[in-house]
């Protein structure tokens, strides 16, 4: 029934291989068509799979494993090339291929003048393929394969403009952070294998509740190790530093990887392994705590950044914090729902920001923008929709998903007032910073006189329109998401109702928008006064809490110093010295021996005779 | 003629050859010394062949002479080539293979 589901993975892979081999030899239009077409075909196959899945009764929808062939079979250990089809993976397929397809279309316009057009699309397809491997994996092995491939693809895409040193540095930073996560994942997989004797999701999750009691050491170890990977990939504290820097990549990459798909892998991992996490309540609290702290921490940094993409990047971190908060308090389908709406409106925001950057010839500084409302009406409208959705304005998609998480953070079993307060405060900040960007960019007068802004071509605006429709109306999918994902999580999430708390959260959002309007639209003097009063805080936020500097002092520099010391003392004076001396001494000794070989025939003869005579004397007289 | 006499003759010829080989620097003379050594052994072989009434020794002697003849041919050719290239017949100067 799901045999054709393999095609979902096949198309992007073919796209990647084809474009990397023939991409430079075929026309640009064809490259764009093939690159987008591969993902479009994959999206279509996802829809087919989805409809097949919907025909099954809900309880049969989980645990559909499609095995292509057996790869390894050693004793009791089996490794199959298999994909897992269940509501959760199909849900992720839909987001990855759907949003990915829209972003591919957008890239045709955005990257149009780039000399390495085909390389870009090849990487994009590789990324989509990797993400699909990650999501489709039916065991921890292929999960890690996908996990590492995604890291590779993001490295390639962040460093796409390889002649730009900052992009290369950012790519390296992202890769190193991600590899730290990969190591955690690999160790986790080994520990799982040691305890369960298999890496298969279905077997492990089936065996776990009987084998372990809540908070057993093994469960804590496994969940924490998996969490290292999840936090690294999803840019949660303290492994978040790579995400803002990753904005060095082209804007479609930011939209695709750092908003819609890759960074959600961590959330997906927790959702996929929720059986294990439920056996480790301590880890659950940790997830909720870290999620909450990341949300408010990133939200506060976004308040003052001046780079349009960085604000949105911090916002991504902050929204991921919400998702982790939801995971931590056990309302998985709400977290997945927010993941979906976030994918819609954040991809929209990034692409609208990309449209602005594109029309201002690469200008990313908010302070040089302004007044684009008149010149770019469509971009303006779509950005506004994205901003409203992010701020949680009523009836937009973000409103439904965020409100549900905020309420659950108090009302869910593991929720409490602290989580709730953090979530509400972050909601206020979110509304403020995104409307700060909005007012800076679209209202007032243009602050850079040389720029000639213009509306972007249709090929870039159409994806914006599609996504803005989703961002506007996606919230109404909430009940469907809950019931669709219900079989995976074993229960249908409840949406608590609490008018008082709901209104407070709503007021926080609207208050944020109003404050931004007041400061950036109405009164510039007040802004200046405000800035002056908050100068130390402002500085702290602008420097991102000095986390990069702290890491530099605590980790990078000591590591470099140790490396330098070892290079000098251990390598040069130690290993190298020994190796050199062995060589030198052998040469000395053999030089002495080689003096025997004088090249003189008569000496050889004499030596030989002396030898023979000695042996003879020895034989005769001994 | 006793065996001691034959052994003495053979040994002294061998020693003359050896000494010649070591002392002389002219490759031609050295070659001749080698022939002396070979022939001293041949002498022994033939003598003992007749003492012991066995033809083995004489056959051996024939072999040795054949090998010696072949060796001289090759050796003389080498010596000739060396002389042509270096115009110098001192073996002590031919030491390009030293370590």
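Those residues that are out of contact with any helix residue (DSSP H, G or I) (no Cβ under 7 Å at 6 or more places or on another chain), in contact (Cβ under 8 Å) with a residue 60 or more places away in the chain and under 19 Å from residue A:146 (Cβ atoms), I need them from the range A:1-50; list them, please. Outline the logic, then answer.
Initially, the range A:1-50 is screened for residues out of contact with any helix residue (DSSP H, G or I) (no Cβ under 7 Å at 6 or more places or on another chain), giving A:3, A:6, A:10, A:17, A:21-22, A:25-27, A:29-30, A:33, A:37, A:44, A:47.
After this cut, where a residue has to be in contact (Cβ under 8 Å) with a residue 60 or more places away in the chain as well, the list is A:3, A:6, A:26.
Correct list: A:6 only.
Looking at the range B:76-85 only, could you name the residues that are within 14 Å of another protein chain (Cβ to nearest Cβ) and farther than 16 Å from residue A:602 by Cβ?
B:78
Yes/no per residue for (1) surrounded by 10 or more Cβ atoms within 10 Å (Cβ to Cβ); (2) under 19 Å from the mean Cα position of the chain (by Cα); (3) at pLDDT below 90:
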site: B:60; (1), (2), (3): yes, yes, no
site: B:63; (1), (2), (3): yes, yes, no
site: B:67; (1), (2), (3): yes, yes, no
site: B:70; (1), (2), (3): yes, yes, no
site: B:79; (1), (2), (3): yes, yes, yes
site: B:82; (1), (2), (3): yes, no, yes
site: B:94; (1), (2), (3): yes, no, yes
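Just to check your reading of the model, which residue among A:467, A:485, A:425, A:407 is closer than 26 Å to residue A:252 by Cβ and either in contact (Cβ under 8 Å) with a residue 24 or more places away in the chain or part of a helix (DSSP H, G or I) (or both)? Even if it seems obvious, please write down each step before you answer.
Working: A:485 fails: closer than 26 Å to residue A:252 by Cβ; A:425 fails: closer than 26 Å to residue A:252 by Cβ; A:407 fails: closer than 26 Å to residue A:252 by Cβ.
None of the others qualify; the one that does is A:467.
Of the conditions (1) away from chain B (no Cβ under 14 Å); (2) modelled with pLDDT under 85; (3) surrounded by 10 or more Cβ atoms within 10 Å (Cβ to Cβ), residue A:622 fails just one. Which one is it?
So the condition that residue A:622 fails would be (3).
Let's see how each residue does on (1) closer than 20 Å to residue A:291 by Cα; (2) touching a helix residue (DSSP H, G or I) at 6+ places or on another chain (Cβ under 6 Å):
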| residue | (1), (2) |
| --- | --- |
| A:338 | yes, yes |
| A:347 | no, yes |
| A:360 | no, no |
| A:402 | yes, no |
| A:411 | yes, no |
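Which one of A:65, A:90, A:48 is closer than 25 Å to residue A:482 by Cβ and in contact with a strand residue (DSSP E or B) (Cβ under 7 Å, 6 or more places away or on another chain)?
Going through A:65, A:90, A:48 in turn, just one is closer than 25 Å to residue A:482 by Cβ and in contact with a strand residue (DSSP E or B) (Cβ under 7 Å, 6 or more places away or on another chain): A:65.
Check off (1) more than 14 Å from chain A (Cβ to nearest Cβ); (2) assigned to a helix (DSSP H, G or I); (3) under 20 Å from residue B:5 (Cα atoms) for residue B:64 and give me the number that stays unchecked.
Result: residue B:64 passes all but (3).
Confirm whether residue A:469 is out of contact with any helix residue (DSSP H, G or I) (no Cβ under 8 Å at 6 or more places or on another chain) and under 24 Å from residue A:343 (Cβ atoms). Can you show your working first?
Values: out of contact with any helix residue (DSSP H, G or I) (no Cβ under 8 Å at 6 or more places or on another chain): yes; under 24 Å from residue A:343 (Cβ atoms): yes.
Considered against the rule, which asks whether it is out of contact with any helix residue (DSSP H, G or I) (no Cβ under 8 Å at 6 or more places or on another chain) and under 24 Å from residue A:343 (Cβ atoms), residue A:469 comes out as yes.
Being free of Cβ contacts under 8 Å to residues at least 24 places away in the same chain, away from every other protein chain (no Cβ under 12 Å) and surrounded by 11 or more Cβ atoms within 10 Å (Cβ to Cβ) narrows it down to one residue among A:554, A:566, A:617, A:606; which is it?
On the way: A:554 fails: surrounded by 11 or more Cβ atoms within 10 Å (Cβ to Cβ); A:617 fails: surrounded by 11 or more Cβ atoms within 10 Å (Cβ to Cβ); A:606 fails: away from every other protein chain (no Cβ under 12 Å).
None of the other options fit; the residue is A:566.
Of the residues A:528, A:517, which single one is touching a residue at least 12 places away in the same chain (Cβ under 8 Å), under 23 Å from residue A:442 (Cα atoms) and assigned to a helix (DSSP H, G or I)? Write out each step before concluding.
Values: A:528 fails: touching a residue at least 12 places away in the same chain (Cβ under 8 Å).
From the options A:528, A:517, the qualifying one is A:517.
If I ask for residues that are in a loop (DSSP other than H, G, I, E, B) and buried (at least 22 other Cβ atoms within 10 Å of the Cβ), which ones from the range A:112-154 would you list?
We begin by selecting, within the range A:112-154, every residue in a loop (DSSP other than H, G, I, E, B); these are A:112-116, A:138.
Once the filter is applied, which keeps residues that are in a loop (DSSP other than H, G, I, E, B) and buried (at least 22 other Cβ atoms within 10 Å of the Cβ), the range A:112-154 yields only A:138.
Here is a list of conditions, (1) touching a helix residue (DSSP H, G or I) at 6+ places or on another chain (Cβ under 6 Å); (2) more than 10 Å from chain B (Cβ to nearest Cβ); (3) closer than 30 Å to residue B:16 by Cβ, and residue A:541 meets all of them except one; can you say which number that is?
Going through the list (1) touching a helix residue (DSSP H, G or I) at 6+ places or on another chain (Cβ under 6 Å); (2) more than 10 Å from chain B (Cβ to nearest Cβ); (3) closer than 30 Å to residue B:16 by Cβ, residue A:541 breaks only (3).
Among A:292, A:266, which is more than 19 Å from residue A:154 (Cβ to Cβ) and in contact (Cβ under 8 Å) with a residue 12 or more places away in the chain? Don't jump to the end; show me each part of the working.
Values: A:266 fails: more than 19 Å from residue A:154 (Cβ to Cβ).
None of the other options fit; the residue is A:292.
The values are calculated or read from the model by the stated rules, or taken from the named source; none is laboratory data. Note that the coordinates shown come from a computational prediction; the quantities given were computed from them, not determined experimentally. Cβ sites come from the backbone with ideal geometry, for glycine too, and all protein chains shown count toward neighbours.
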